[in-house]
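J.: A single structure is presented below for examination.
The values are calculated or read from the model by the stated rules, or taken from the named source; none is laboratory data. Here the structure is a predicted model, which means the values were calculated and not measured. Here the Cβ is made from the backbone with ideal geometry for all residues, glycine too, and neighbour counts use every protein chain on show. Only protein heavy atoms, including side chains, enter the accessible area calculation; ligands, DNA and RNA are left aside. Shrake-Rupley method; radii C 1.70, N 1.55, O 1.52, S 1.80 Å.
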Amino acid sequence: MLPTRGSRRSALLAPGRAVAIGLGLLLLLLAAGNARAQGLCTAPANNNHEQGWLDVTWTGTGCTGVGNFGQAVPGVNADVVIPNLSTIRCGTTPTLTTMAVNAGGVLRMGSGVAEGTLAIKGDLTNNGTIENRPATTWINSIAVGGRWTNNGTFTPGTTTPRIDVTLNGTSAQTIGGSKSTTFNNLTISGSGTK
């Protein structure tokens, strides 16, 4: 219980509950398990010249990680955006809250030295392209705890390289979007309704 200013009344603070404190001040506590977004982190527009996840400088409050050259990259639980005219190669293992690939943006899974493994606690929205990096033999993976929305192009591959997808949410999950999605290797886990 938290006493409100100028009063003897108390207000219960709980995740997802709005509590008025004082004159017009509103405190809203949001929680989704341990997945609390650290803020937005946007890849640079690079005229679709492929660049590595840890090699470019990202911008935004969610860019709390450190890249290969000491520059800002998505931190744990960031809300990541790959914008138009950006091609990002993921050969690392980030844990994110949400991910959006905008129209004209490209996410390439895998690098010349490692597979890509994305763990997204919330929603994945693809309005651009998600594909494997060509000329590699990696088995890449994307785990999604929220909605899978495909309004763009998703190319999972059939042998290697390929992208395995896991829906592992603890809440209801859907596969949707304006484009049909073909998965090569889809795993359903977690306690949420699929």
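J.: Residues in the range 62-89 that are farther than 24 Å from residue 132 by Cβ and either hydrophobic (A, V, I, L, M, F, W, C) or in contact with a helix residue (DSSP H, G or I) (Cβ under 6 Å, 6 or more places away or on another chain) (or both): how many?
T.: Final tally of qualifying residues: 5.
J.: Out of all the residues in the range 46-67, which are outside any loop (DSSP other than H, G, I, E, B) and open to solvent by 60 Å² or more (accessible area, probe 1.4 Å)? Spell out the reasoning first.
T.: Of the residues in the range 46-67, the ones outside any loop (DSSP other than H, G, I, E, B) are 51-52, 59, 65-66.
Correct list: 59, 66.
J.: The conditions are (1) in contact (Cβ under 8 Å) with a residue 40 or more places away in the chain; (2) within 22 Å of residue 92 (Cα to Cα), and residue 152 fails exactly one of them. Which is it?
T.: Residue 152 satisfies all of (1) in contact (Cβ under 8 Å) with a residue 40 or more places away in the chain; (2) within 22 Å of residue 92 (Cα to Cα) except (2).
J.: Can you pull out the residues in the range 51-75 that are of a type in the set (A, V, I, L, M) and under 21 Å from residue 110 (Cβ atoms)?
T.: Quick first cut of the range 51-75, residues of a type in the set (A, V, I, L, M) only: 54, 56, 66, 72-73.
Once the filter is applied, which keeps residues that are of a type in the set (A, V, I, L, M) and under 21 Å from residue 110 (Cβ atoms), the range 51-75 yields 54, 56, 73.
J.: Okay, next question. For the range 125-139, name all the residues that are crowded, with 22+ Cβ neighbours inside 10 Å and of a type in the set (A, V, I, L, M, F, W, C).
T.: Passing the criteria: 130, 138.
J.: Report every pair of residues separated by at least 6 positions or lying on different chains whose Cβ atoms are under 6 Å apart, first residue within the range 105-123 and closer than 9 Å to residue 136 by Cβ and in contact (Cβ under 8 Å) with a residue 24 or more places away in the chain, second open to solvent by 20 Å² or more (accessible area, probe 1.4 Å) and assigned to a loop (DSSP other than H, G, I, E, B).
T.: 110/91; 110/133; 110/138; 110/161; 111/91; 115/138
J.: Listed residues 181, 187, 93; which is of a type in the set (Val, Ile, Thr), out of contact with any Lys or Arg (no Cβ under 6 Å at 6 or more places or on another chain) and either touching a residue at least 40 places away in the same chain (Cβ under 8 Å) or not in a loop (DSSP other than H, G, I, E, B) (or both)?
T.: Details: 181 fails: either touching a residue at least 40 places away in the same chain (Cβ under 8 Å) or not in a loop (DSSP other than H, G, I, E, B) (or both); 93 fails: either touching a residue at least 40 places away in the same chain (Cβ under 8 Å) or not in a loop (DSSP other than H, G, I, E, B) (or both).
The unique qualifying residue is 187.
J.: Here's another thing I want to ask about it. Check residue 93 against each of (1) touching a strand residue (DSSP E or B) at 6+ places or on another chain (Cβ under 8 Å); (2) under 21 Å from residue 182 (Cβ atoms); (3) open to solvent by 40 Å² or more (accessible area, probe 1.4 Å) and name the one condition it does not meet.
T.: (2)
J.: Output the residue which, of all residues in the range 103-124 that are open to solvent by 40 Å² or more (accessible area, probe 1.4 Å) and in a strand (DSSP E or B), is nearest to residue 53 (Cα to Cα).
T.: That would be 108.
J.: So, in the range 68-89, of the ones that are touching an Asp or Glu at 6+ places or on another chain (Cβ under 8 Å) and in a loop (DSSP other than H, G, I, E, B), which residue ends up most open to solvent (accessible area, probe 1.4 Å)?
T.: If we take residues in the range 68-89 being touching an Asp or Glu at 6+ places or on another chain (Cβ under 8 Å) and in a loop (DSSP other than H, G, I, E, B), then 69 is most open to solvent (accessible area, probe 1.4 Å).
J.: Can you tell me which residue in the range 140-162 is surrounded by the fewest Cβ atoms within 10 Å (Cβ to Cβ), limited to those that are closer than 18 Å to residue 53 by Cβ and β-branched (Val, Ile, Thr)?
T.: If we filter the range 140-162 for residues that are closer than 18 Å to residue 53 by Cβ, which is where we start, we get 140-144, 161.
So of that shortlist, the ones also β-branched (Val, Ile, Thr) come out as 142, 144.
Details: 142: 23, 144: 25.
Checked the range 140-162; the qualifying residue surrounded by the fewest Cβ atoms within 10 Å (Cβ to Cβ) is 142.
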